[in-house]
Amino acid sequence: MLICLTLDEILHIIGEENVQGNTNQHITTIATLSKATLGSLSFLTNSAYKKQVHCSQASVILLPKDFDGTPAKNQVFLRVENPSLSLALICEHIEQKLNPLPKLGIHPSAVIHPSAIINKKATIGPLCTIGAETEIDADTVLEGQVFVGKKVLIGKNCFIRANVVIADQSTIGNYVFLSAGVVIGADGFGYSTTAEGKHYKEPQIGRILIEDRVEIGANSTLDRARIDETRIGEGTKIDNLVQIAHNVVIGRNCLIAAQVGIAGSTIIEDNVCIGGQVGINGHITIGQGTKISGKAGVTKDFPPESMLRGNPATPIRIQNRILAAQRKLPELLKKVAKMETLLHSIINK
């Protein structure tokens, strides 16, 4: 990692000045507490690693404000409100230096329909295709080979990685980040089955709306609505390889981990957290603030602030009791077998 930051630069980035200790060492790497060396910036974001702080060779360590201890010689402790957020701000600064934005303008190899409206401050990379009546606002970047269909609206300050597909009539808000391979507005999976058992495709004529500050991970797919709209709420973050079906409505500030599948017409309310590989049935509602553990199978409505795990998903307290009972099954089966043997011996006397 080719970086070089002074302590003053770090303090300027994170905007905090709760400094203990001193160092004249420039920061050239970011490392975990155990792997840090002279010139490293390290951090404590998980209390399980608290004991490693005093053994760490890092020159600068980001710590919670309530951390108790003193730095070693030529070492600085920076106590901050949120070490994870401070680290993110520093990494954002480094990323901008390592990966500067491409030059403004439209690459000569891009294919732009004459009726499309591209803001002069937008960047359209090589081999992109922009359809008729599409509008792309200022400071938005499309990397190479992005396909944008007809009548698409893309807001300001979006960053769209290579090989993304945005289908006709989709709407993308401001500050949206789409990782490589994302597909926005694919046809929903809808078929009517005839009496003869043949499947007739149901046209998907709705749209998809991605609100502001949404981030979507690589190769995730979000279907357009059959009618009306599929909607992803402001501030929601979606991991890689997630499938969101037609007419799903996801609220604001949700977190959805990798390999989640959400079936059609389901409503996910605000601030819901969904673990990896969760499957969610269609036409149900998951209440605000609910947390769902990985690999759960959600088959029915749940009220706000639910804590769910298991398949079928149940409240975590009930599921824990079920798991505790399952661990007792081998011994219980032995007891039942002994009782059967005793009962047979009594009957056969």
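The values are calculated or read from the model by the stated rules, or taken from the named source; none is laboratory data. The shown structure was predicted, so the numbers you read here are calculated from the model rather than taken from an experiment. Don't worry about glycine lacking a Cβ; one is built from the backbone with ideal geometry, like all the others, and counts go over all protein chains shown.
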Candidates Gln96, Gln75 - the one that is farther than 27 Å from Asp228 by Cβ and either hydrophobic (A, V, I, L, M, F, W, C) or free of Cβ contacts under 8 Å to residues at least 24 places away in the same chain (or both): Gln96
Residues satisfying the stated conditions in the range 42-58, i.e. in contact with a helix residue (DSSP H, G or I) (Cβ under 7 Å, 6 or more places away or on another chain) and modelled with pLDDT of 95 or more: Phe43, Leu44
Hey, Gly276 part of a loop (DSSP other than H, G, I, E, B), of a type outside the set (A, V, I, L, M, F, W, C) and under 27 Å from Arg161 (Cα atoms) or not: yes
Residue within the range 305-322 that is touching a residue at least 12 places away in the same chain (Cβ under 8 Å) and closer than 24 Å to Gln204 by Cα present: no
Ala245 under 25 Å from Ile210 (Cβ atoms), assigned by TED's automatic domain parsing to the domain that holds Asp187 and touching a residue at least 40 places away in the same chain (Cβ under 8 Å): yes
Residues of the range 216-234 classified as part of a loop (DSSP other than H, G, I, E, B) and crowded, with 20+ Cβ neighbours inside 10 Å, total: 6
Any pair with Cβ under 6 angstrom, 6 or more apart, that starts in the range 31-53 at a residue that is in the same structural domain as Val76 (by TED's automatic domain parsing) and closer than 18 Å to Cys91 by Cα and ends at one that is β-branched (Val, Ile, Thr) and in a loop (DSSP other than H, G, I, E, B): Gly39/Thr28
Condition met for Ile318 (surrounded by fewer than 10 Cβ atoms within 10 Å (Cβ to Cβ) and at negative phi): no
Of all residues making up the range 163-201, the number that are in contact with a Ser or Thr (Cβ under 6 Å, 6 or more places away or on another chain) and either not aromatic (Phe, Trp, Tyr) or not assigned by TED's automatic domain parsing to the domain that holds Thr236 (or both): 6
Pro126 vs. criteria surrounded by fewer than 13 Cβ atoms within 10 Å (Cβ to Cβ) and in the same structural domain as Thr171 (by TED's automatic domain parsing): no
Count of residues meeting criterion [more than 27 Å from the chain's Cα centre (by Cα) and of a type in the set (Val, Ile, Thr)] in the range 11-55: 6
Lone unmet requirement of (1) of a type in the set (Ser, Thr, Tyr); (2) assigned by TED's automatic domain parsing to the domain that holds Leu222; (3) part of a helix (DSSP H, G or I) for Ser345: (2)
Filtered residue count, the range 292-317, keeping only those that are under 13 Å from Gly279 (Cα atoms) and either in contact with an Asp or Glu (Cβ under 7 Å, 6 or more places away or on another chain) or outside any loop (DSSP other than H, G, I, E, B) (or both): 5
Residues of the range 43-59 satisfying the condition of being of a type in the set (Val, Ile, Thr) and over 16 Å from Glu81 (Cα atoms): Val53
Residue match in the range 172-182 (condition: crowded, with 18+ Cβ neighbours inside 10 Å and at pLDDT below 95): no
Close pairs (8 angstrom Cβ cut-off, 6 or more residues apart or separate chains): surrounded by 15 or more Cβ atoms within 10 Å (Cβ to Cβ) in the range 287-303, part of a strand (DSSP E or B) and among the aromatic types (Phe, Trp, Tyr) anywhere: Gly287/Phe302; Thr290/Phe302
Residue under evaluation Asp270, criteria (1) under 21 Å from the mean Cα position of the chain (by Cα); (2) outside the structural domain of Asp223 (by TED's automatic domain parsing), criterion not met: (2)
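Rundown of residues vs (1) in contact with a helix residue (DSSP H, G or I) (Cβ under 7 Å, 6 or more places away or on another chain); (2) under 24 Å from Asn174 (Cα atoms); (3) assigned to a loop (DSSP other than H, G, I, E, B), yes/no style:
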| site | (1), (2), (3) |
| --- | --- |
| Gly69 | yes, no, yes |
| Ala72 | no, no, yes |
| Ala88 | no, yes, no |
| Lys103 | no, yes, yes |
| Lys120 | no, yes, yes |
| Pro126 | no, yes, yes |
| Asp139 | no, yes, yes |
| Gly144 | no, yes, yes |
| Asn157 | no, yes, yes |
